[in-house]
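> Below is a structure I'd like to ask you about.
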Amino acid sequence: RCVIAAIDRMLEDSGLTNVKHQLVTDWEGYVNTTRDFGSKMGADDWLVIDFISTAWDAVQSWYVDQVHGKDLDAYFLEQRKKKAKGNPLEGDTDWGIINKAYKAYMNILLANTPGHIFATAQAKAIGDRDDPMVKQAYAGVGQRAEGQKALAHSFHTVLYLSKTRVGEY
């Protein structure tokens, strides 16, 4: 996966000297970095996660690597070549474990981080398969946070920002 991080360039001439950052691209990175930053935070500090949506992708990749010894994309392609029907990850067997690992991470983030948390997420159109409470909560916007389905209910305040064709927000 290609990751382009602009944080160094953004901080270059900002004059901010109290900003610490860590580029995270895998599941262990999400868990360890969140735990590490959280353990050093005070009540007035901020933890910014940009994008939290990718944590859901990362936990799935980690799981497939742990169980099947393959990259997520390679595993799904292999299953497709076998003409496997439906989702190659099984209901209670796979998703139960993936969701437990994700929930443990969210507990580290939300329960063990003493400061403020600002998490951004990509937007995803509400679909027929979305939870009814998610549909109700975000019906006026028509989109929800991309990622694990409980993400939509994980934070106290949710803001939706969009940009018009003329560049207005």
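> Could you grab me the full set of residues in the stretch 129-156 that are assigned to a loop (DSSP other than H, G, I, E, B) and of a type in the set (A, V, I, L, M)?
Ala139, Val141
> Now, a different point. Pick from the stretch 114-130 the residues that are of a type in the set (Gly, Ala, Ser), touching a residue at least 60 places away in the same chain (Cβ under 8 Å) and over 14 Å from Lys149 (Cβ atoms): which of them is most open to solvent (accessible area, probe 1.4 Å)?
Ala119
> Could you tell me which residue of the stretch 131-169 is least open to solvent (accessible area, probe 1.4 Å), considering only residues that are touching a residue at least 40 places away in the same chain (Cβ under 8 Å) and either of a type in the set (A, V, I, L, M) or in contact with a strand residue (DSSP E or B) (Cβ under 6 Å, 6 or more places away or on another chain) (or both)?
The residue in question is Leu151.
> Identify all residues within the stretch 75-90 that are open to solvent by less than 50 Å² (accessible area, probe 1.4 Å) and in a helix (DSSP H, G or I); write none if there are none.
Answer for the stretch 75-90, where residues must be open to solvent by less than 50 Å² (accessible area, probe 1.4 Å) and in a helix (DSSP H, G or I): Tyr75, Gln79.
> Moving on. Check Lys100 against each of (1) exposed (fewer than 13 other Cβ atoms within 10 Å of the Cβ); (2) in a loop (DSSP other than H, G, I, E, B); (3) not polar (S, T, N, Q) and name the one condition it does not meet.
(2)
> Then there is this: Which numbered condition in (1) of a type in the set (Ser, Thr, Tyr); (2) open to solvent by 90 Å² or more (accessible area, probe 1.4 Å); (3) part of a helix (DSSP H, G or I) is the only one that Tyr105 fails?
The single condition Tyr105 does not satisfy is (2).
> Counting only residues that are loosely packed, with under 12 Cβ neighbours inside 10 Å, give me the helices (runs of 4 or more DSSP H) lying completely in the stretch 1-72 with at least 2 of them.
The helices (runs of 4 or more DSSP H) meeting that bar are 7-11, 27-40.
To keep it simple, each residue is scored yes or no on (1) of a type outside the set (A, V, I, L, M, F, W, C); (2) at pLDDT below 90; (3) under 17 Å from Gly29 (Cα atoms).
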site: Ala104; (1), (2), (3): no, no, yes
site: Asn112; (1), (2), (3): yes, yes, yes
site: His116; (1), (2), (3): yes, no, no
site: Thr120; (1), (2), (3): yes, yes, no
site: Val134; (1), (2), (3): no, yes, no
site: Tyr138; (1), (2), (3): yes, yes, no
site: Arg144; (1), (2), (3): yes, yes, no
site: Leu151; (1), (2), (3): no, yes, no
site: Val158; (1), (2), (3): no, yes, no
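The values are calculated or read from the model by the stated rules, or taken from the named source; none is laboratory data. What you see is a predicted model, and the numbers here were worked out from it, not measured in a lab. Please note: Cβ atoms are built from the backbone with ideal geometry, for glycine as well, and neighbour counts cover all protein chains shown. Keep in mind that these areas ignore ligands, DNA and RNA; they rest on the heavy atoms of the full protein, side chains included. Shrake-Rupley method; radii C 1.70, N 1.55, O 1.52, S 1.80 Å.
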